[in-house]
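Student: There's a structure below that I have some questions on.
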Amino acid sequence: MNKKEAIKLFETQPWTFKDLSAELKKDKDVVIAAIKQSFYILEHVDPLFKKDKEIVLTAVKQNGGALEFADKSFRKDKKIILPLKL
């Protein structure tokens, strides 16, 4: 599966992220596409992405519960906390 196919698949099956190749799981565009469909994907991404503000904000805007899966440093970040939907 290539990047384009993976992103298209997430539109209906975001949980397939966990079955992707290691290479695709490290692609920021792929990670963002999956998280846009399900904030729960943040739990399964590479730890580096859990520290990525754009990725964390994408997940948190969907559901404030995503903050649980993000790096703890974001719990005091106003740009992350203010848009929370709890």
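Throughout, read-outs are computed from the coordinates displayed, never taken from laboratory work. All figures in this text were calculated on a predicted structure; none of them were measured in a lab. Cβ coordinates were reconstructed from backbone atoms using ideal geometry, including for glycine residues, and neighbour counts include every protein chain displayed.
Student: Six or more apart or on different chains, Cβ atoms under 6 Å: show the pairs whose first residue is in segment 24-46 and among the small types (Gly, Ala, Ser) and whose second is in a helix (DSSP H, G or I).
Tutor: Taking only residues 6 or more apart or on different chains, the pairs are Ala33/Ile7; Ala33/Phe10; Ala34/Phe10; Ala34/Pro14; Ala34/Phe17; Ala34/Ile41; Ser38/Pro14.
Student: I'm checking my understanding of the structure. Among residues of segment 1-38 that are among the basic types (Lys, Arg) and out of contact with any Ser or Thr (no Cβ under 7 Å at 6 or more places or on another chain), which one is nearest to Leu57 (Cα to Cα)?
Tutor: If we take residues in segment 1-38 being among the basic types (Lys, Arg) and out of contact with any Ser or Thr (no Cβ under 7 Å at 6 or more places or on another chain), then Lys28 is nearest to Leu57 (Cα to Cα).
Student: In segment 24-62, what residues are of a type in the set (A, V, I, L, M, F, W, C) and farther than 19 Å from Arg75 by Cβ?
Tutor: Leu24, Val30, Val31, Ile32, Ala33, Ala34, Ile41
Student: Tell me, which residue of segment 1-23 that is in contact (Cβ under 8 Å) with a residue 12 or more places away in the chain and small (Gly, Ala, Ser) is nearest to Gly65 (Cα to Cα)?
Tutor: The selected residue is Ala6.
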